[in-house]
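Colleague: Have a look at the structure that comes next, please.
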Amino acid sequence: MDQSRTTPHSLFTTGTLGDSSNDSGDGDAPTNDWGVDKVAGSDLVLALYGVICVVGVTGNLLVCIVLLRVRSLRSNTSDFLVHLSLVDLMVCVLVIPYKILPPLSQSPPPNPTIWGQFRCRLYVSQYLFWACAVTSVFNLIMVNLERFAAIVHPHEYKRIFATRNKFLMIVSCWILAFLTKSFILFLYEEDPASGCRFLGWPSKGFQAAIGVCNFTFNLFAPFVLMISVQWKVISTLKKQAKALTAQTAILDLNPTDRRKMWQLRVTQILVRTLLAFGLTFAACWAPNQFMFLLYNLGVQFSFASPVYHFGVILAVCNSCVNPIIYTMTNQQFRIGIRMAFGMEKQSAQVVDGTTATSGMVTLSTRVGAK
């Protein structure tokens, strides 16, 4: 039996979940043979992964190009969004060897050297793939916290999100992601005879603990935090809008008030976009994470079932839908696309009689920083 491509932590396996032979630690594990799992190797599944990769790579590259080239769109928020797109781009690229090209997903020949150990524990185990996926989750949390600080705590915003601190936050996303997935490194080893193999879980208790921690830190806690933050942000924006509306109802709407009202609407659009990011993240990752949790708690079900593959495909989809959401919900970003490719000159835009630049993210940051 080929023992090298088992990845129980990621649910990228075939076989039966909860089989005691898979968890006993004796090295016996289900295979990832493309000839065995007809669903994984089907034309439909491979085509879906291909579409995800094409859309994900194209969309995330587009976000990076636009936010980096159009100066009026640059801000702290855009820096986090560029980083998010780069991480999602890496996830989409890593799908190619793991899911689309069967020869690259097969076990490499045994290599009992240091290089073989690194290849087994970092690449074959899919540690890099899942570390990048979790980095994307943590970065999405940072984007939400940045908006929260700008709108709810504007006086401390500049101090908290200074350039040095922003860089440290981005680095911390990577460090935390690699740490939370570090248990994968100890579940695999390069065997001189059979190559990279799954060692099995040290104990049922350890496996259950990993399952609960993984579910908590990768899905439950990020989702609760993002929704809580967005709820507070939306409540704050409603209060600001109510106060500004009451003020303009008493006094004439002067140019300054018009600009504030427009900036407030722009900020609300960005907040709705980030809320859509959070809800989409939960919808995409919930099936996969629930299956992994149940697997680690001893529930038996088949890795070769269509339900399992639907969960995996949905999870990978999260790395390609954010650019789509951003484009569909953000008119200023669509204008930025034309600017980035020279189809429209960057110029002032008149909104409600007020002249303002077309940089949606920049203006939303200025509103929160006041």
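The values are calculated or read from the model by the stated rules, or taken from the named source; none is laboratory data. None of the values given here were measured: they were computed from a predicted structure. A quick note on method: Cβ atoms are made from the backbone with ideal geometry, for glycine too, and the neighbour counts reach across all protein chains shown. With ligands, DNA and RNA removed, areas are computed over all heavy atoms of the protein, side chains included. Shrake-Rupley method; radii C 1.70, N 1.55, O 1.52, S 1.80 Å.
Colleague: Full extension from MET328 to ILE114: what is 0.36 nm times the residue separation minus their Cα-Cα distance, to one decimal in nm?
Modeller: Difference between extended and current length: 72.3 nm.
Colleague: By how many nm would the segment from LEU279 to LYS238 grow when fully extended, if each residue of separation counts as 0.36 nm and the alpha-carbon distance is taken off?
Modeller: 12.7 nm
Colleague: Another question about this same structure. Working out 0.36 nm times the residue gap between PHE186 and THR245, then minus their Cα-Cα distance, what length gain in nm do you get to one decimal?
Modeller: Extra length from PHE186 to THR245 when fully extended: 15.4 nm.
Colleague: On to the next question. What ranking do 65-72, 131-138, 111-118, 228-235 get when scored by the average of other Cβ atoms within 10 Å per residue, highest first?
Modeller: Put in order of decreasing packing, that is 131-138, 65-72, 228-235, 111-118.
Colleague: Only residues of region 148-184 count here: report those whose backbone N is under 19 Å from the spot 7 Å along Cα→Cβ of ALA221, or say none.
Modeller: 169-184
Colleague: Going from most exposed to least, what order do MET343, MET226 have by accessible area with a 1.4 Å probe?
Modeller: My answer, sorted largest first, is MET343, MET226.
Colleague: Follow-up. Which three numbers, in whole Å and largest first, are the semi-axes of the equivalent ellipsoid of region 164-253 derived from its Cα gyration tensor as √(5λ)?
Modeller: That gives 50, 16, 8 Å for the three semi-axes.
Colleague: If I model a spin label as a point 7 Å beyond the Cα along the Cα-Cβ vector, how far apart are those points for PHE341 and ALA162 in nm?
Modeller: Inter-label distance under the simple model: 4.1 nm.
Colleague: Express the Stokes-Einstein translational diffusion coefficient of region 130-180 in µm² s⁻¹, to the nearest whole number, given a Kirkwood radius over alpha-carbon pairs, 4 °C and a viscosity of 1.567 mPa s.
Modeller: Stokes-Einstein gives a translational diffusion coefficient of 114 µm²/s.
Colleague: Can I ask one more? Here are some pairs, LYS166/LYS239; LYS99/LYS181; LYS99/LYS166; LYS158/LYS181; LYS181/LYS232; which of them have Cα atoms lying more than 26 Å apart in this structure?
Modeller: As for pairs spanning more than 26 Å Cα to Cα, those are LYS166/LYS239; LYS99/LYS166; LYS158/LYS181; LYS181/LYS232.
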